[in-house]
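First up is the structure itself, then whatever we jot down about it.
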């Protein structure tokens with residue numbers, strides 16, 4: 001059994017996109033719903049900051065040397081928390097509303113990947129997956145996704161994992177780290193509806209995939225063949241995403257949500273929307289930076 005504790009009482013409506021900055025030994029994450037906010041926590045010291053970027057951010061990665069690349073409801077942006085300066089990079093879904101961006105992550109070669117969702121009915125498979133290169137060129141890489149969500153890569157960067165949330169699927173693609181091209185789309189794991197919606201994910205150094213499952217009170221660890229290796233039960237119903245961090249990359253940080261819960265449901269599960277930590281004995285992988 002892993003030790004689980006509440007790390008920060010932030011009451012995020014929809015906490016999301018946790019990213020560990022190894023250089024700063026700090027965790028960054030978002031609240032992506034009614035009041036989009038960026039958070040920073042140094043677990044060792046307790047130092048805490050938050051910013052309202054003025055962008056309806058939905059996913060993020062850190063840039064080398066500071067700042068962020070954002071996926072948002074209105075496109076892709078750069079943003080610097082030190083100055084508040086932002087730069088709009090484009091929105092390939094601008095003419096395709098109500099489709100808009102959702103989660104995003106950087107690969108180890110410094111590209112940023114972000115998926116989209118048909119916001120008015122996320123069950124519709126009209127989401128796409130996009131790649132943003134360091135030179136700010138955007139390319140559509142895949143389509144037909146019922147809410148593209150969590151992303152991750154195998155330790156050798158030869159497999160990319162993508163959550164198709166409202167299809168209850170974790171997908172795998174062959175990934176070419178040199179070119180950033182993907183192919184051979186296939187089902188990695190199917191999540192029974194009773195176990196929750198698959199949301200954000202993390203990949204560990206053993207090549208296992210940790211999937212946060214909204215409504216399932218759990219994070220499920222799948223082995224590289226897509227078989228369930230273990231289930232981590234949580235004290236809150238709606239985990240949204242997770243990432244490894246800490247000095248030895250063995251702490252699993254978990255964002256959660258209180259959105260769409262009744263007052264009675266929230267009272268029965270204190271800590272909904274807070275940041276949680278699972279102390280594991282399994283090493284994660286370093287979080288990449290966006291090279292642009």
Quiz prompt | Unmet criterion (only one of (1) over 30 Å from residue 279 (Cα atoms); (2) more than 17 Å from the chain's Cα centre (by Cα); (3) part of a strand (DSSP E or B)) for residue 189 | solution = (1)
Quiz item: Could you count how many residues in region 167-182 are out of contact with any strand residue (DSSP E or B) (no Cβ under 7 Å at 6 or more places or on another chain) and either closer than 13 Å to residue 200 by Cα or outside any helix (DSSP H, G or I) (or both)?
Solution: 5
Quiz item: Which condition does residue 163 not pass, out of (1) part of a strand (DSSP E or B); (2) surrounded by fewer than 18 Cβ atoms within 10 Å (Cβ to Cβ); (3) at negative phi, if it passes all the others?
Solution: (2)
Quiz item: Does at least one position in region 77-100 carry a residue that is within 20 Å of residue 209 (Cβ to Cβ), touching a strand residue (DSSP E or B) at 6+ places or on another chain (Cβ under 8 Å), surrounded by 22 or more Cβ atoms within 10 Å (Cβ to Cβ) and at pLDDT 95 or above?
Solution: no
Quiz item: From the residues in region 218-228 that are outside any strand (DSSP E or B) and touching a strand residue (DSSP E or B) at 6+ places or on another chain (Cβ under 6 Å), which one is farthest from residue 42 (Cα to Cα)?
Solution: 226
Exercise. Could you check, for region 257-268, whether at least one of its residues is assigned to a strand (DSSP E or B), touching a strand residue (DSSP E or B) at 6+ places or on another chain (Cβ under 9 Å), crowded, with 22+ Cβ neighbours inside 10 Å and modelled with pLDDT of 95 or more?
Key: yes
Quiz item: When you go through (1) surrounded by fewer than 18 Cβ atoms within 10 Å (Cβ to Cβ); (2) touching a strand residue (DSSP E or B) at 6+ places or on another chain (Cβ under 8 Å); (3) in contact (Cβ under 8 Å) with a residue 24 or more places away in the chain one by one for residue 143, which number turns out not to apply?
Solution: (3)
Quiz prompt | Within region 7-50, tally of residues that are part of a strand (DSSP E or B) and surrounded by 15 or more Cβ atoms within 10 Å (Cβ to Cβ) | solution = 21
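Every residue, every condition in (1) in contact with a strand residue (DSSP E or B) (Cβ under 8 Å, 6 or more places away or on another chain); (2) surrounded by 23 or more Cβ atoms within 10 Å (Cβ to Cβ); (3) farther than 30 Å from residue 87 by Cβ, yes or no:
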position: 230; (1), (2), (3): yes, no, yes
position: 233; (1), (2), (3): yes, no, yes
position: 240; (1), (2), (3): yes, yes, no
position: 254; (1), (2), (3): yes, yes, yes
Quiz item: In the set 186, 218, 158, which member is surrounded by fewer than 20 Cβ atoms within 10 Å (Cβ to Cβ) and in contact with a helix residue (DSSP H, G or I) (Cβ under 9 Å, 6 or more places away or on another chain)?
Solution: 218
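The values are calculated or read from the model by the stated rules, or taken from the named source; none is laboratory data. Computed from a prediction, not measured in an experiment: that's the story for all the values here. Neighbour counts are summed over all protein chains in view; Cβ atoms, including those assigned to glycine, are modelled from backbone coordinates with ideal geometry.
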